[in-house]
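The values are calculated or read from the model by the stated rules, or taken from the named source; none is laboratory data. None of these values were measured; they are calculated from a predicted model. As a convention, Cβ positions derive from the backbone with ideal geometry for all residues, glycine included, and neighbour counts pool all protein chains shown. Just the protein is used for accessible areas: all its heavy atoms, side chains included, with ligands, DNA and RNA removed. Shrake-Rupley method; radii C 1.70, N 1.55, O 1.52, S 1.80 Å.
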Amino acid sequence: TTALDVTTQAQILKLIKRIQAEREMSVLLITHDFGVVADMADRVAVMRQGRVLENGATGSVLGNPSDPYTRALIAAVPKGENHLPPPPDPRPLVQVTGLTKRFRRGGLFSRGAANTAVDDVSLTLSRGETLGIVGESGSGKTTVGLTLMRLHQATGGEAWYKGQNILSMPEKAFHPLKPKIQIIFQNPYASLNLRFTIGQILTEPMQLHQIGNNDAERLKMATALLDKVSLPASALQRYPHEFSGGQRQ
């Protein structure tokens, strides 16, 4: 369940439950998601560093965990409550009006009908604020993000950031803004360059955006980033295929 959007994941899990019931199958489900465990599993085993720490009925393990690691995992599950203070500055940092993106069917130079992926979307974001865009698969969520990042060329609309329309400015003018406007891709299997080591993957954007004075300083920063997600410094020399799905995320 690592790289699926929520709607697709729910559809697949529903299908698995139906097939399991029809064919009386056993299912081994490997996941990080306690919501999926609670909904799907009759029994659950909690693993850490290659060992099973706790094993039992799902209701018993989730309702009354005996191992400190299991309790820590359950405590880390978001409860849907927002304790963040209001944005300190209510003035919009990002203001999008009338964003539209159409794809021409059959290729760039085709005269076929256009498919409207994003239609007249407007939104505002204040400094320190988080905006969630929710919708089913194919509703245009990802296209909104890719178009705002100029990875797709907008068909229409404006996107203002600090007083500048980032959709219409020349690429040379947009380049200095890129370190401030970044995208985190959803799929860790597709977004990591399999030919690069983790060290190269982490330090390449630092080089592109002139972060750090030299390679040694950038490697030190990359090591600190790994430490924040509990990965050892030796991971710098490894390749993406040597990591689990969760480690890639």
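Using the 2.2 N^0.38 Å rule of thumb for compact globular proteins, work out how the chain stacks up: its C-alpha Rg over that value, please. Here the answer is 1.25, to two decimals. Projected label points at ALA21 and GLN207, each 7 Å from Cα along the beta carbon direction, are separated by 5.5 nanometres. Rounded to the nearest 500, the helix-only mean residue ellipticity at 222 nm of the chain stands at -9000 deg cm²/dmol, with each DSSP H run of n ≥ 4 adding -39,500 (n - 2.57). Assuming charge only on the beta carbon of Lys and Arg (+1) and of Asp and Glu (-1), the dipole of the chain about its Cα centre is about 600 debye to the nearest 20.
DSSP loop GluC sites (Glu not before Pro) in segment 108-167 with at most 13 other Cβ atoms within 10 Å of their Cβ, which ones?
Qualifying residues, ordered by number: GLU136.
State which stretch of the chain is the longest one without any exposed chymotrypsin sites (Phe, Trp or Tyr not before Pro), exposure meaning a DSSP loop state and at most 14 other Cβ atoms within 10 Å. After excluding every exposed loop site, the longest remaining stretch is 1-108.
Heavy atoms of the protein chains alone define the surface here; on that basis the chain has 71 Å² accessible area per residue at 1.4 Å probe size. Coupling constants for segment 55-66 follow from the phi torsions by the Karplus curve (6.51 cos²θ - 1.76 cosθ + 1.60, θ = phi - 60°), and in residue order they are 8, x, 4, 4, x, 5, 5, 6, x, 8, x, 9 Hz; glycine and proline get x.
Within a straight-line Cα-Cα reach of under 19 Å, LYS101 can be paired with the following lysines, leaving aside sequence neighbours fewer than 8 residues apart in one chain: LYS141. Computed from the Cβ-Cβ distance with R0 of 22 Å, the FRET efficiency linking LEU28 to GLU136 stands at 0.20.
Which loop-located trypsin sites (Lys or Arg not before Pro) does segment 177-249 contain, where loop means any DSSP state but H, G, I, E or B and the Cβ has at most 13 other Cβ atoms within 10 Å?
ARG195
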